[in-house]
Amino acid sequence: MKTKITKANKQAIAKAAQILKNNGIVAFPTETVYGLGAYAFDSSAVRKIFMAKGRPADDPLIVHVASIADAEKAVSKIPAVARKLMKEFWPGPLTLVMQKSGRVPREVTAGLPTVAVRMPRHPVALALCKKVGPIAAPSANTFGRPSPTKARHVYDDLKGKIPLIIDGGSTHIGVESTIVSLATKPAKLLRPGKITIEQLQKFLPDIEIATKVGKKKQPLAPGMKYTHYSPKTPVVLVLNPTAEKIQHLVKKEQDKGKKTGLLCAGRYHSEAERVIIIGKTPEAFAKRLFDALRWLDSQKLDVIIAEGLPEKGFGMAVMNRLRRAASKIISH
Ligand code: TXA
Ligand code: MG
């Protein structure tokens, strides 16, 4: 199959909608990362997503909607607090897990009684959902690779496997949505994202951060049990970094004969073979993180040293992704 990349415009959206209505799959930009979508109520279309990504069937998908009415089609009963959260944060990077309706096929939820739903803010994603109805979409990467934040990343992973990628440029946020389960009491933060726990606490004062394993020894967000965002090159994550610490580590790796890459927030005088400075704020860091990891991974390095950020506010989401990419974490 030939994979076409088309600039985001009316025709591209119309073409993508047509493919989705005809049981096909397409990649499109959202404000977080690129998604790989299928019409959510079509189980055979949804199965194509798992095939293209090489994603395990026990990892459920997020259903994207353009209206509360469409969310109501996927959810059996929307709790009052969910309506408040939707009013505050939708459209936007907040995914809510609730009891599913009978219309959602088991392929979407991996057999779970719950479904994850979000209303994206990106105009292309919203327009598609408006034309097609609820769209099930995971991130549009090959399973285990960093999520795609550019059309090119999707192409690198999925060329030959999907017919169309809508190119909306670099995604605005750069890390995936915050996921909150309202199916448990108290509510649980399953994945940190741009909507922070501090913001959520106003509506869910007793919200808990999910530990790895739920009641039935099942991870609460099944996808979180897998190693994600993993470059092939080993990543060493440095907590509470200082210029001396970073320089020392780079030198140590180089003394072992290792070609070293450095992923950092600020500027360092460093002898590393490849250096990428992605910005000091969590927002700047998040926006370029996956692109930087993909680029460093293509540079035939032996090791990548990554600088950690303070784990508060949006920094929590960035560090969650970095921790999951890391093969080693240095804390002192
Ligand atoms: O920002 C995003 O959320 C992006 C864009 C495309 O919208 N999507 C995304 O999807 O990150 P994906 O499939 O890469 O991650 C979805 C996560 C997985 O960890 C999955 O296990 C979890 O959501 N999930 C989906 N349905 C769930 C459910 N019913 N209960 C618990 N976790 C669920
Ligand atoms: Mg993903």
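The values are calculated or read from the model by the stated rules, or taken from the named source; none is laboratory data. If you're wondering where the values come from, they're calculated on a predicted model, not measured in any experiment. Glycine also receives a Cβ, built like all others from the backbone with ideal geometry; neighbour counts cover every protein chain displayed. Accessible surface areas use protein heavy atoms only, side chains included; no ligands, DNA or RNA. Shrake-Rupley method; radii C 1.70, N 1.55, O 1.52, S 1.80 Å.
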Per the rule of 0.36 nm per residue minus the C-alpha distance, extending SER331 to LYS21 adds in nm 106.6 nm
Rounded to the nearest 10 degrees, the helix 43-53 long axis (Cα) sits at an angle to the longest Cα principal axis of the chain of 10
Computed for the chain: size of charge dipole around the Cα centre, +1 on C-beta of each Lys and Arg, -1 on C-beta of each Asp and Glu, debye to nearest 20, value 660
Counting only DSSP beta bridges with both partners in the chain, the antiparallel fraction in percent, to the nearest 5, comes to 35
Highest GNM mean-square fluctuation among GLY133, GLY313, GLY102, for the chain with Cα springs under 10 Å, belongs to GLY102
Of the listed pairs LYS10/LYS194; LYS48/LYS87; LYS10/LYS287, those with alpha carbons more than 30 Å apart are LYS48/LYS87
Partner lysines whose C-alpha sits under 19 Å from that of LYS185, ignoring same-chain residues fewer than 8 away, are LYS77, LYS84, LYS100, LYS202, LYS212, LYS215, LYS216, LYS217
To the nearest 10 degrees, the tilt of helix 243-255 (Cα long axis) against the first principal axis of the alpha carbons of the chain is 80
Taking every other residue with Cβ under 10 Å from the Cβ of LEU112 and scoring Lys and Arg +1, Asp and Glu -1, one gets +1
Calculated from DSSP helices alone, with each H run of at least 4 adding -39500 (n - 2.57) and the total divided by the residues of the chain, [θ]222 nm to the nearest 500 comes to -9500 deg cm²/dmol
With the dipole of the chain defined by +1 on each Lys or Arg Cβ and -1 on each Asp or Glu Cβ, the option from PHE285, ILE13, ALA187 whose Cα lies farthest towards the positive pole is ILE13
To the nearest Å², the heavy-atom accessible area per residue of the chain with 1.4 Å probe amounts to 44
In degrees, nearest 10, the alpha-carbon axis of helix 80-89 is tilted away from the dominant principal axis of the alpha carbons of the chain by 60
Checking rank on 235-247, 155-167, with mean other Cβ inside 10 Å and highest first, the result is 155-167, 235-247
Carbon/sulfur accessible area of the chain, % of total, 1.4 Å probe, equals 54
